[in-house]
Amino acid sequence: MTGISPSEQSETSSDNLALRIFQWLFVLFLIYLLITAVGMIGSGFKGATKGQAMDLFAFATNPFMGLIIGVIATAMIQSSSTVTSIIVGLVAGGLPVEMAVPMIMGANIGTTITNTIVSLGHINKKKEFRRAFAAATVHDFFNLMAVAIFLPVEIIFHPLQKIAGILASHLVGGENLSVKGLNFIKPMTKPVIAQFKKLAEMISEQGSHVLLIVFGIFIIFLVIIFIGRLLKKLMVGRAKNIMHASIGRGPVSGIISGAVVTVLVQSSSTTTSLMVPLAGSGVFKLKQIYPFTLGANIGTTITALLAATAISGDHAVLALQIALVHLIYNVSAVLLIYGVKNLRKIPIRGALWLARVAAEKKIYALIYMVGVFFVIPGLMVFIYQLIA
Amino acid sequence: MENEDFSSLSKKKLKTLIQETQEVLDQLKGELKQRKLDKRHEEIDHMEEHFEDAAHNLSNLKNFIQKVFSEMRKDK
């Protein structure tokens, strides 16, 4: 018996409460920083391109290039939340939504590299590695399939862009229904953005807009890292309860709990990476992991939606539109691919086959990762530049 | 069980035996299912550790690449 007295116990619990309150306040501060940083990117991009964003991103007019930018950027920094927040900022600064849509789809593919790397931790046990690698790559196969289906349709008919546009103008208000006057975010973020503008001008007058974008990207990057770490600590108990509740309740419950846990920890790669050791141990089957992974795709869209609240004025509708594209795309992909029995099985079969091959010869896992996330996109950039 | 002769049993007895066996079978299946669910709940209780494991990305990658090269050397 260590014999902790009641007064010591209450002191410890009040210390814990104070720490939790501090941590939550810090989370709120980080969200504020995220929103401010998105505003900074929007403002910087607007100033840097002087309304000619189309020219600056002329190389991305080919939707395929946009897709590749999304894949590589997300795979490099291992955070789709960071990339989608930056895209929202860029759209707010004048990047056409049409160009941003493939980038958002690319971010979905790029983010899957994280759980694939996590699965490599099981490399020393063949069976365990096979199960873990399959659990990780089922996400890759699903997201690749989603792009293969939705990108061509989007290029021809723009359904995601159109639906998101209608919803965004209803939510924010079009030119005639502007809620600019009621926007409380802008007065909160404007002074900080102005300070960063001054700082950027002090460093370089000519390059101040570009510097503002760099500051914004850097802040988003840091915010996503810190918010992820903090929310993991704060939300682990709640995430556990959600997962306990979803066990044995079927795929829809799995999708919902995957989405909710991702919203709580603000990171799809955290949620999908969490599934890897659960599958590796053999306690969870791939069939049970799969819906949870799809829920993560939906849950992660909350970050872009949150980032869109940073934007006011004329571009608020566009910023919300691209954030809604992310949400609608992921929900539609789940409904279509998981909803149709024959399509649903393809990612599972693909992941099982790849895992079997990779467990026999590890080099195939390496070839797959480097190929899908870097070499193929890089080659496509190269080929595109040669043709252009 | 294979060679057991049931021909002497009455129809009623056979039906009763089937019903009893079915009940035992259901109980066994239920027990197996419950154990699987319990194991899953146990795994989820270790979520903090899984979060920790998931954070060691770069060391995973390093170990993996070493493993790939050693496997390639062996194959040669």
Problem set entry | Residue within the stretch B:23-43 that is surrounded by 12 or more Cβ atoms within 10 Å (Cβ to Cβ), within 25 Å of A:Gly282 (Cα to Cα) and touching a Pro at 6+ places or on another chain (Cβ under 7 Å) present | no
Exercise. Taking into account only those residues within the stretch A:72-103 that are surrounded by 24 or more Cβ atoms within 10 Å (Cβ to Cβ) and free of Cβ contacts under 8 Å to residues at least 40 places away in the same chain, which is farthest from the other protein chains (Cβ to nearest Cβ)?
Worked result: A:Val83
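Would you mind listing the helices (runs of 4 or more DSSP H) fully within the stretch A:1-111 where at least 1 residues are at pLDDT 90 or above? Break it down stepwise before answering.
Details: elements: A:6-49, A:53-56, A:63-77, A:80-92, A:97-110.
Counting at least 1 such residues, we get A:6-49, A:63-77, A:80-92, A:97-110.
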Seminar exercise, completed: Flagged in the stretch A:213-268 as among the charged types (D, E, K, R) and buried (at least 22 other Cβ atoms within 10 Å of the Cβ), in numbering order, are A:Lys232
Problem set entry | Single match in A:Leu305, A:Leu379 (criterion: out of contact with any strand residue (DSSP E or B) (no Cβ under 8 Å at 6 or more places or on another chain), farther than 27 Å from A:Leu274 by Cβ and surrounded by fewer than 20 Cβ atoms within 10 Å (Cβ to Cβ)) | A:Leu379
For this session: Answer yes if at least one residue in the stretch A:333-354 is within 14 Å of chain B (Cβ to nearest Cβ) and without any contact (Cβ under 8 Å) to a residue 40 or more places away in the chain, and no otherwise.
Result: no
Exercise. In the stretch A:124-135, which residues are within 11 Å of another protein chain (Cβ to nearest Cβ) and surrounded by 24 or more Cβ atoms within 10 Å (Cβ to Cβ)?
Worked result: A:Ala132, A:Phe133
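The rows are residues; the columns are (1) in contact with a helix residue (DSSP H, G or I) (Cβ under 8 Å, 6 or more places away or on another chain); (2) within 13 Å of A:Thr293 (Cβ to Cβ); (3) at pLDDT below 95.
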position: A:Thr116; (1), (2), (3): yes, yes, yes
position: A:Ile123; (1), (2), (3): yes, no, yes
position: A:Glu128; (1), (2), (3): yes, no, yes
position: A:Leu144; (1), (2), (3): yes, no, yes
position: A:Lys162; (1), (2), (3): no, no, no
position: A:Ser169; (1), (2), (3): yes, no, yes
position: A:Gly174; (1), (2), (3): yes, no, yes
Seminar exercise, completed: Within the stretch B:33-76, the count of residues that are within 27 Å of the chain's Cα centre (by Cα) and either more than 9 Å from chain A (Cβ to nearest Cβ) or hydrophobic (A, V, I, L, M, F, W, C) (or both) comes to 9
For this session: Check the stretch A:228-242 and report whether any residue there is basic (Lys, Arg) and more than 22 Å from A:Ala136 (Cα to Cα).
Result: yes
For this session: Hey, can you tell me all the residues within the stretch A:283-309 that are touching a residue at least 24 places away in the same chain (Cβ under 8 Å), farther than 19 Å from A:Gly228 by Cβ and more than 9 Å from every other protein chain (Cβ to nearest Cβ)?
Result: A:Leu286, A:Lys287, A:Ile289, A:Tyr290, A:Pro291, A:Leu294, A:Ala308, A:Thr309
Exercise. Which is assigned to a helix (DSSP H, G or I), of a type outside the set (Gly, Ala, Ser) and in contact with a Pro (Cβ under 9 Å, 6 or more places away or on another chain), of A:Ile367, A:Ile363, A:Ile302, A:Ile337?
Worked result: A:Ile337
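The values are calculated or read from the model by the stated rules, or taken from the named source; none is laboratory data. Predicted model only: the values in this text are computed from it and were never measured. Quick reminder, even Gly has a Cβ in these numbers, built from the backbone with ideal geometry, and neighbours come from all protein chains shown.
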